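Structure first, commentary second.
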Amino acid sequence: MAIIRDIMPQFDLVQPASVEDALALLARHGDTAWVMAGGLDSLDWFKDRIKRPKVVVDLSRVAGLRGVSAQGDGLTIGAMTTLTEVARHKDVQERFGLLSRAAESAASPQIRNQGTIGGNVSQDAQCWYYRNGWTCYRAGGNMCYADTPVGMNREHAIFDAERCVAVNPSDTAPAMIALDARMVIQNAGGTREVAAQDYFIGPRHDITRMNVLAPGDLLTAIRIPAAFAGARFYFEKVRDRRVWDFPLVNIAAALVMSGERIERARLAVNAVAAHPVRLTRVEEAVAGKPQNESTAELAGSLAASGARPLQYNGYKVPLVRNLVKRAIRGQEEPWT
Amino acid sequence: MDVMQLANNPWGQVVPIHIAWFLMWLSLAAGLAFLAAHALFVRFLAKPEADAGPVAPELAACVPEKTPRHSLAARIFHWLMAAAMLTLLCTAFLPRAGLRFDWVNIHWIAGIVLLLAIVFHLGHAVFFMDFWSIWPDRADLGNVWNGVLRVLGKTVPASAKPGKYPLGNKMYHLAALACGLCLAATGALMLFRVRTPFFTRDPYLFGDLTWGLVYLLHGFAGVALIALSIIHVYFALRPEKLPITRAMIFGAMDRRYVLAHHDPKRWGCDAGTK
């Protein structure tokens, strides 16, 4: 846990009332601006005096970024909608229960009341070396302190580690991938949409960021298409403490069934790499197969292929395998 | 404006971590400025050299119609090294310029290709080529002095013709050699910081300060190579230098060019590719 130093460095706080104003401010201040949604991640960074932006753009007054609305057969969720609002929204619960469960599993009730869906999917890594302000790769340096013979890396990556071994800690991010969500990004030049799978990036592509947002960009909404509406969902989060903890591994699965056969599946795990990992080999293997124990075993055997555990996180390999088996079985066991 | 970035290590020591990235743009600008300045100088200021006179017929007779200049091995090395260098430059600096791609593996693989090419070239140059032909000598220094006097408007005797390599070639080779060796040596050490199939990753091979210096040397040599590459491509494409470029492709030079620009006593007459 980072040392809280309580007093934040000085910055200019701006509170736009519209998306247009927010975009204009971000364009004006470029990479000196910091976008603050719920503030839960931001305020820790500021109090630790590790991130020192000149300008903080607080989005809490932008009403246009809040709320869940129907769009065609799918839903559009404003980026500033709180996790509690997402988890309790009737349409989300009825048609996209996976997202409701994922949002409900994040942090504590108080944090979910303040934390936003946009902030949750875009949050930074929790690696304590990085959070403590050490000049690691992710902070622009030339070293990963977690990936050394004595590095404390129990919570770190088993997939796609490339110099930095930090993981993406979001609970809702794998659900977005499993639901084939699309992220709406705006900047002063216009609007673009990227698939959730492409929104998250690993250190191979940019070691200092966890998503595609560049200075000036703003995640304004998340669109959930109807592709997996009403599917058989599974979400499970394994963590050290039941209350208020980041995942050691979480899994989000959406199975579209045809009778007792799995017509198509979408699975993603998180906290195992710097980005949520979609398990395409598992998806291909289980498509067309019955939802039974042998399919679950097959899926489990494929789930962790390519994993390269570090000194202290080898337990994540069987954890991923077992979570995938349970996701295919559709049965959560009581200990989590 | 700092040319390097410093950081505190976990023990509170201030150590360098890498060069300041603006140097990348500075090197790009320097390369382009040299290109523009040289082109303008040649167009408007350069004085024609005094004609050294015809080569003695008996000497000219020993120069073949197609004078071998670079062996196949030397040409393969050159183009392999060029490909590796360009790959290394692109993978090192394009991500810094904002282009996102998976560059690390391509970078270290190209680095190993370059390292092997350099090792081959060292052996080839020492044992199979005329090793000293690429190093500046006393005649080159005299020619430089004559060139300065000529620009100042003095009448000076014609410069002695070079052997296999004109001074420009030699100077460029020297600069590329310094950068290349620095990059290869520091790059080989940096392989210990990433995962490769060759050896166990060991970030504690050196202390933070030593690692910082390795990164600095690698960075300075790397950005210098941006300007050097621009200058090299520029000269390779200049019309009066095209015969040299063609020789690096086809291996040989026309007799007429050799007689006009080289001293057959020093190179060309033996028709060797050394």
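The values are calculated or read from the model by the stated rules, or taken from the named source; none is laboratory data. On a predicted model such as this, the values are computed, not experimentally measured, just so you know. Don't worry about glycine lacking a Cβ; one is built from the backbone with ideal geometry, like all the others, and counts go over all protein chains shown. The protein model used for the area step is the full one, side chains on, heavy atoms only, and it has no ligands, DNA or RNA in it. Shrake-Rupley method; radii C 1.70, N 1.55, O 1.52, S 1.80 Å.
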- Query: Across the range B:220-233, in residue order, what do the Karplus-derived ³J(HN,Hα) couplings come to in whole Hz, using 6.51 cos²θ - 1.76 cosθ + 1.60 with θ = phi - 60° and x for Gly and Pro?
  - Reply: 4, 5, x, 5, 4, 5, 4, 5, 4, 5, 4, 5, 5, 5
- Task: If a/c stays under 1.5 just call it rounded; otherwise compare a/b with b/c (prolate if a/b is bigger, oblate if not). Do that for chain A, with a ≥ b ≥ c from the square roots of the Cα gyration tensor eigenvalues.
- Result: oblate
- Item | Dipole-positive endmost among B:Gly163, A:Asn120, A:Ala173 within the protein assembly as shown (Cβ charges, Cα centre) | B:Gly163
- Message: Please list, ordered by chain and number, the residues whose modelled amide H lies under 5 Å from the amide H of A:Asp12; skip anything fewer than 5 residues away on the same chain.
- Response: A:Val55, A:Val56
- the range A:170-232-the range B:210-242 distance, computed between alpha-carbon centres (Å): 39
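What dipole magnitude, in Debye to the nearest 20, does the protein assembly as shown give about its Cα centre under +1 on Lys/Arg Cβ and -1 on Asp/Glu Cβ?
Result for the protein assembly as shown is approximately 920 debye, rounded to the nearest 20.
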- Message: Using alpha carbons only, how many angstrom separate the centre of the range A:236-274 from the centre of the range A:81-113?
- Response: 15
- Message: For B:Lys154, give me every one of the aspartates and glutamates with a C-alpha distance below 13 angstrom, ignoring sequence neighbours fewer than eight places off in its own chain.
- Response: B:Glu49
- State which entries of A:Lys51/A:Lys316; B:Lys47/B:Lys241; B:Lys66/B:Lys161; A:Lys47/A:Lys237; A:Lys90/A:Lys325; A:Lys51/A:Lys237 exceed 24 angstrom in Cα-Cα distance in the structure shown. A:Lys51/A:Lys316; A:Lys47/A:Lys237; A:Lys90/A:Lys325; A:Lys51/A:Lys237
- Cys in the protein assembly as shown lacking any partner Cβ under 4.7 Å -> A:Cys127, A:Cys136, A:Cys144, A:Cys164, B:Cys90, B:Cys179, B:Cys182
- Item | For the range B:186-197, 3J(HN,Hα) per residue [Karplus equation, 6.51 cos²θ - 1.76 cosθ + 1.60, θ = phi - 60°, Hz, x = Gly/Pro] | 5, x, 4, 5, 5, 4, 6, 8, 10, 7, 9, x
- Given backbone amide H placed at 1.01 Å from N, residues whose amide H is under 5 Å from that of B:Met4, ignoring those fewer than 5 places away on the same chain, are B:Ala20
- Query: Check A:Arg239: other-chain or 5+ apart residues with amide H under 5 Å from its amide H, H built from backbone geometry?
  - Reply: A:Leu248
- Query: So what are the ³J(HN,Hα) numbers for the range A:52-57, from phi and the Karplus equation (6.51, -1.76, 1.60; θ = phi - 60°), rounded to whole Hz, Gly and Pro as x?
  - Reply: 10, x, 7, 10, 10, 9
- B:Trp25 accessible area, assembled protein chains, probe 1.4 Å, Å²: 140
- Item | Net charge contributed by nearby residues that have their C-beta within less than 13 Å of B:Phe101 (K/R +1, D/E -1) | 0
- Task: Report, in debye and to the nearest 20, how large the dipole of the range A:247-321 comes out about its Cα centre when Lys and Arg carry +1 and Asp and Glu carry -1 on their Cβ.
- Result: 260
- For residues of A:144-151, the mean tally of beta carbons on other chains within 10 Å: 3
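With only Lys, Arg, Asp and Glu charged, each at its Cβ (+1 for the first two, -1 for the last two), find how big the charge dipole of the range B:17-267 is about the Cα centre; round to the nearest 20 debye.
360
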- Task: Towards the positive end of the charge dipole of the range B:17-267, with charges on Cβ (+1 Lys, Arg; -1 Asp, Glu), say which of B:Pro48, B:Gly219, B:Ala61 has the farthest Cα.
- Result: B:Pro48
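To the nearest 500 deg cm²/dmol, what mean residue ellipticity at 222 nm is calculated for the protein assembly as shown from DSSP H runs of n ≥ 4 alone, each contributing -39,500 (n - 2.57), summed and divided by the residues?
-12500 deg cm²/dmol, from helical runs alone.
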- Task: Considering the options B:Phe127, B:Ser27, B:Ala252, tell which one lies farthest towards the positive end of the dipole of chain B, charges being +1 on Lys and Arg and -1 on Asp and Glu at the Cβ, about the Cα centre.
- Result: B:Ala252
- Query: In what order, largest first, do A:Leu310, B:Leu26 sit by accessible area if the probe radius is 1.4 Å?
  - Reply: B:Leu26, A:Leu310
- Item | Accessible-area value, A:Arg192, 1.4 Å probe, nucleic acids and ligands omitted, Å² | 90
